[in-house]
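Read the structure below first, then the notes.
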Amino acid sequence: MMSKRTSVILSVLVGLLGTLSPSYSGEIFMQSSPTQYSSDLREWTQKVQEEPTAVNYTRRAEALRRLGLRKEAVDDINASLNMEPTNVATMVLKGQVYFEDGLFPEAVGSLNNAIKTDPNFAGGYLLRALTYLRMKEYGKALDDANTVLKSEPKSATGLLARGTAYEGLRKYSDAIEDLTAAIAVNPNLDKAYYWRAEAYQNTQQYQKSVDDYLAAIKITPDFRPAQIGLALSYYKMGKDTEALDVLSDAIEFHDADDLLAVNTYEGRKATDTNDTPDPEYNLGQQIEEDLKECLVIFDDILKDKPGDRDALRERGIANMHLGKFKEAQKDFVAANKGLPENPSEFSGLGSEDAYKAAVPLYKKGNEALSNRDYAGALKAYQDAIKQYPQFGRAWHNMAIACSGLGDNFSAELCCIHAISFRPSDWKLWRTLGNVMFSEYKQDKGDPKKLWASATAFNEALLFNPDTEADKNEIRHLLSAVKSNERALTPQINFQITTMPIN
């Protein structure tokens, strides 16, 4: 028989499971602030030390999960289940942790145990339905969603799950009916608008799909799949310019006004030493899938409008994000055809008046960067780029400023933009190689980052560095990357932050 405390936890989790967040991550439990998560962890760690009960282990597991420390959370969940092996709420929590890690079969296994123990626990069926949706097992998801809706006919999340399952089964009319009902219950459910838009798009009702994609984006501005879907609907309607504008937003992850805010959306990978929440449990894979979808639309637009500078440049940026540097290089060269090579003045893109307005801000950034005032430099370069987005040298120097602030992800994005306007500038490729190597170390050995770093250094050598000393420096860095010499870390960081201003 469950203890009174366990029953309290169970009732709390049932309530939380009924409030599926509309966030892009598919988060199920209620949101709180990072500071609160850390405070909760300290509190429950102390309680576990004082009284190592199942309840206290479960509470600490939830705090660990919210901080992205999911391996540690599973350890605490297992400790709790060893004490109370029939605690359904704890089993469901374990399924949630596996779900967030993308370990869907393991999540299903834990949820199967929960449902077997208590066949009336709707929260278990709901989470299992969402897991089956991620596994594209739409029939099983439909069965679980129906079970949820039998006990809670007006559950917005149950209707969302069933509508999404119908969408996967290509039963678009049924999907639209359920998703419309979900929106009636919860008008802020962005995924309901998204999946209804998908159903409208699949039935060639493009204006309705546009309206729903826009509604989803209004609720969650960084909802990239909705942006891509919107771009596709615009393209199907013959609105190539609108499609390109939306795709630009989808692949850039930021704007010049607040470049550092990118990490609010992107999240940071959870590590043993990082207590920053990871709201997108599998974001890296999602980004890759999204970018590949973008490329398909770019290809279609370029078939209609061969040589379109904007489409070529944006497709090149998407290829850069995917690590396809050779393909990106071809796109950038084609986009810049007929323009001055590595211009020191106005590039011929955009407005010359805008360029002249940006120059004083750019020089202000250079002065701050020379004094290692990275925050001041970043602000000045952002202001310059706001005036003249095609300012390749400003993008490059902003990468150095971001790196000086320890934000290598934003530095990578800046390098990509710089290269899009100056694809044959060896200095930009060298900076990108340095930044990618620093990201590799931050990510504790992501092989894609290491490969990208080596590729960028090779590109730098291809574009004929100014002196033999420059060539030797790049060869040295390339050798260090290839041999993965961790001892070179201080030199790599020094090279980034002291690199001559463009």
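Overview of values
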read-out	value
Index of the failed condition, Asp407 passing every other in (1) modelled with pLDDT of 90 or more; (2) surrounded by fewer than 24 Cβ atoms within 10 Å (Cβ to Cβ); (3) in contact with a helix residue (DSSP H, G or I) (Cβ under 9 Å, 6 or more places away or on another chain)	(1)
Residue within segment 194-201 that is crowded, with 18+ Cβ neighbours inside 10 Å, farther than 30 Å from Pro153 by Cβ and out of contact with any Ser or Thr (no Cβ under 8 Å at 6 or more places or on another chain) present	no
Flag if Gly433 is part of a helix (DSSP H, G or I), crowded, with 21+ Cβ neighbours inside 10 Å and of a type outside the set (D, E, K, R)	yes
Within segment 49-153, helices (runs of 4 or more DSSP H) holding 1 or more residues that are within 25 Å of Ala182 (Cα to Cα)	88-100, 104-117, 122-134, 138-151
Some residue of segment 360-378 being polar (S, T, N, Q), within 25 Å of the chain's Cα centre (by Cα) and either crowded, with 24+ Cβ neighbours inside 10 Å or assigned by TED's automatic domain parsing to the domain that holds Asp425 (or both)	no
Positions within segment 135-154 being in contact (Cβ under 8 Å) with a residue 24 or more places away in the chain and either within 17 Å of Asp190 (Cβ to Cβ) or hydrophobic (A, V, I, L, M, F, W, C) (or both), in sequence order	Met135, Ala141, Leu142, Val148
Some residue of segment 274-291 being at pLDDT 85 or above, in contact with a helix residue (DSSP H, G or I) (Cβ under 8 Å, 6 or more places away or on another chain) and over 30 Å from Arg66 (Cα atoms)	no
Number of the exception - Pro221 against (1) at pLDDT below 95; (2) assigned to a helix (DSSP H, G or I)	(2)
Some residue of segment 346-358 being over 18 Å from His417 (Cβ atoms) and surrounded by 15 or more Cβ atoms within 10 Å (Cβ to Cβ)	yes
Which listed residue, of Ser420, Ser438, is in a helix (DSSP H, G or I) and at pLDDT below 90	Ser438
Condition check for Ser403: among the small types (Gly, Ala, Ser) and within 25 Å of Arg475 (Cα to Cα)	yes
Arg309 surrounded by 18 or more Cβ atoms within 10 Å (Cβ to Cβ), at pLDDT below 95 and of a type in the set (D, E, K, R)	no
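To keep it simple, each residue is scored yes or no on (1) under 19 Å from Val108 (Cα atoms); (2) buried (at least 16 other Cβ atoms within 10 Å of the Cβ); (3) of a type in the set (Ser, Thr, Tyr); (4) in contact with a strand residue (DSSP E or B) (Cβ under 7 Å, 6 or more places away or on another chain).
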| site | (1), (2), (3), (4) |
| --- | --- |
| Met135 | yes, no, no, no |
| Asn146 | yes, no, no, no |
| Ser155 | no, yes, yes, no |
| Gly163 | no, yes, no, no |
| Tyr172 | no, yes, yes, no |
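The values are calculated or read from the model by the stated rules, or taken from the named source; none is laboratory data. Nothing here was measured: the structure is a model prediction, and the numbers come from that model. Ideal geometry is used to build each Cβ from the backbone, glycine not excepted, and the neighbour counts take in all protein chains shown.
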